[in-house]
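Comments concern the structure below.
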Amino acid sequence: ETGVTQSPTHLIKTRGQQVTLRCSSQSGHNTVSWYQQALGQGPQFIFQYYREEENGRGNFPPRFSGLQFPNYSSELNVNALELDDSALYLCASSKTGVQGTDTQYFGPGTRLTVL
Amino acid sequence: AQSVTQLDSHVSVSEGTPVLLRCNYSSSYSPSLFWYVQHPNKGLQLLLKYTSAATLVKGINGFEAEFKKSETSFHLTKPSAHMSDAAEYFCVVRPNQGGKLIFGQGTELSVKP
């Protein structure tokens with residue numbers, strides 16, 4: 001069984017640029033959630049995708065956007081990068097059914113540095 | 001509002017001694033509760049989860065946690081610490097059947113030889 005994978009592992013960008021982060025969900029999972037983890041903090045929920053639609057969003061501005069593809073993989077896009085966007089971005093996959101969303105399993109993360 | 005408070009930002013124990021990481025939660029609903037561990041420069045690994053079944057939950061690597069509704073607590077314990085347990089531990093609440101996880105600030109566990 002393949003776990004959650006993310007690419008790239010590290011990324012350096014400058015202020016104002018745009019970035020795309022990618023996530024492949026675990027086999028059998030249909031839901032992807034994205035989290036931002038600033039240094040020394042707990043992860044913060046950005047949004048969740050289910051059936052290729054955004055299914056819940058945290059307190060992040062619209063320049064954070066996402067996509068989910070038919071194979072359940074997902075992208076996180078951030079426009080107009082700011083210094084405070086420097087963080088570890090974590091993707092989690094899970095299975096959503098009639099009982100709700102099951103346990104989330106995390107990928108290794110993408111470390112984004114904005115200069 | 002749902003929230004999680006980890007009562008210690010840093011815990012230091014000696015190898016072979018017990019571990020106690022404390023967590024209190026606030027939730028209007030019957031929550032699902034989790035403990036995740038994060039080793040340096042790694043992603044999050046699930047240690048254990050509580051989803052309204054048995055109140056004493058056993059996880060991986062000898063960890064367990066007890067759900068106490070009257071105290072709104074979900075403390076993580078291990079009888080004997082190992083050097084490999086040194087990591088950051090997060091207590092997490094999922095307020096309802098939706099996907100959003102709410103994380104505590106984390107507790108860094110150090111294990112001395």
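The values are calculated or read from the model by the stated rules, or taken from the named source; none is laboratory data. Given the structure is predicted, the values throughout are model-derived calculations rather than measurements. Don't worry about glycine lacking a Cβ; one is built from the backbone with ideal geometry, like all the others, and counts go over all protein chains shown.
Scan region B:79-113 residue by residue and report those that are crowded, with 19+ Cβ neighbours inside 10 Å and hydroxyl-bearing (Ser, Thr, Tyr).
Within region B:79-113, B:Tyr89, B:Thr107 meet the criteria.
Condition first: aliphatic (A, V, I, L, M) and more than 28 Å from A:Ala87 (Cβ to Cβ). Now tell me which residues in region B:66-88 satisfy that.
B:Ala81, B:Met83
Return the total of residues in region A:56-76 being more than 14 Å from chain B (Cβ to nearest Cβ) and touching a strand residue (DSSP E or B) at 6+ places or on another chain (Cβ under 7 Å).
7
Restricted to region A:86-115, and to residues that are within 11 Å of another protein chain (Cβ to nearest Cβ), outside any strand (DSSP E or B) and of a type outside the set (D, E, K, R), which residue is nearest to B:Lys49 (Cα to Cα)?
My answer is A:Thr103.
Look through B:Leu48, B:Leu76, B:Leu56 and report the one residue that is hydrophobic (A, V, I, L, M, F, W, C), closer than 24 Å to B:Ser3 by Cβ and surrounded by fewer than 13 Cβ atoms within 10 Å (Cβ to Cβ).
B:Leu56
If you check A:Gln36, A:Gln6, A:Gln17, A:Gln44, which single one turns out to be more than 17 Å from A:Thr96 (Cα to Cα), over 15 Å from the mean Cα position of the chain (by Cα) and of a type in the set (S, T, N, Q)?
The conditions single out A:Gln17.
Within region B:9-57, track down each residue that is in a loop (DSSP other than H, G, I, E, B) and at pLDDT 95 or above.
Correct list: B:Ser9, B:Glu15, B:Gly16, B:Thr17, B:Pro18, B:Arg22.
Collect the residues in region B:28-45 that are surrounded by fewer than 17 Cβ atoms within 10 Å (Cβ to Cβ) and among the polar types (S, T, N, Q), keeping them in residue-number order.
B:Ser28, B:Ser30, B:Asn41, B:Gln45
So, in region B:81-101, how many residues would count as being in contact (Cβ under 8 Å) with a residue 60 or more places away in the chain and of a type in the set (Asp, Glu)?
1
I need a count of the residues in region A:4-27 that are touching a Ser or Thr at 6+ places or on another chain (Cβ under 9 Å), of a type outside the set (Val, Ile, Thr) and either over 23 Å from B:Leu101 (Cα atoms) or modelled with pLDDT under 95 (or both).
Residues in region A:4-27 being touching a Ser or Thr at 6+ places or on another chain (Cβ under 9 Å), of a type outside the set (Val, Ile, Thr) and either over 23 Å from B:Leu101 (Cα atoms) or modelled with pLDDT under 95 (or both): 7 in total.
Return the residues of region A:9-31 that are more than 12 Å from A:Leu76 (Cα to Cα), in a loop (DSSP other than H, G, I, E, B) and not β-branched (Val, Ile, Thr); say none if nothing qualifies.
Once the filter is applied, which keeps residues that are more than 12 Å from A:Leu76 (Cα to Cα), in a loop (DSSP other than H, G, I, E, B) and not β-branched (Val, Ile, Thr), region A:9-31 yields A:Arg15, A:Gly16, A:Gln17, A:Ser25, A:Gln26, A:Ser27, A:Gly28, A:His29, A:Asn30.
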